[in-house]
Amino acid sequence: MDTDVKVPLSRRQSDQASSSGASRQKHKQTKPAYIWSHEEVMRWFKKHCADYYRKYAEAFTFHEITGQSLMRLTDEKLERMGIADEQHRADLMGHLYRLKLRHEGMELRALEKGPGLCYSG
């Protein structure tokens, strides 16, 4: 008679048991930037563009920048929003390009895992 009792593993234990250990991914699943609310955009802006946050937060709020509009910003659009300093726009676009690359990488990894796991806008 088998007296072993199977205890369900926690999600973390299950992930560790199924992982080879060498390539265990420690990143939490994050919400795609293009579906961020205005508040989420402002948190990102404050975190990654702290030097310009106070100066341009009002412009981001006035234009109600959401994740979808953030991902569509260009140098020209930033200038029309009132960000006149070319270096500030370049810095902001650099942060935005890194954000876009990070989220494109997330989508590629989701596609590699199988259908139905990728994000759609």
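Listed conditions (1) open to solvent by less than 40 Å² (accessible area, probe 1.4 Å); (2) closer than 16 Å to Lys31 by Cα are all met by Leu73, apart from (2).
Residue count for the range 39-60, restricted to those that are β-branched (Val, Ile, Thr) and open to solvent by 70 Å² or more (accessible area, probe 1.4 Å): 0. On the stretch given as the range 76-112, residues that are open to solvent by less than 50 Å² (accessible area, probe 1.4 Å), part of a helix (DSSP H, G or I) and among the hydrophobic types (A, V, I, L, M, F, W, C) total 7.
The values are calculated or read from the model by the stated rules, or taken from the named source; none is laboratory data. Note that this is a predicted model, so its numbers are computed, not measured. To get the accessible areas, we keep the full protein, side chains included, count just its heavy atoms, and leave off ligands, DNA and RNA. Shrake-Rupley method; radii C 1.70, N 1.55, O 1.52, S 1.80 Å.
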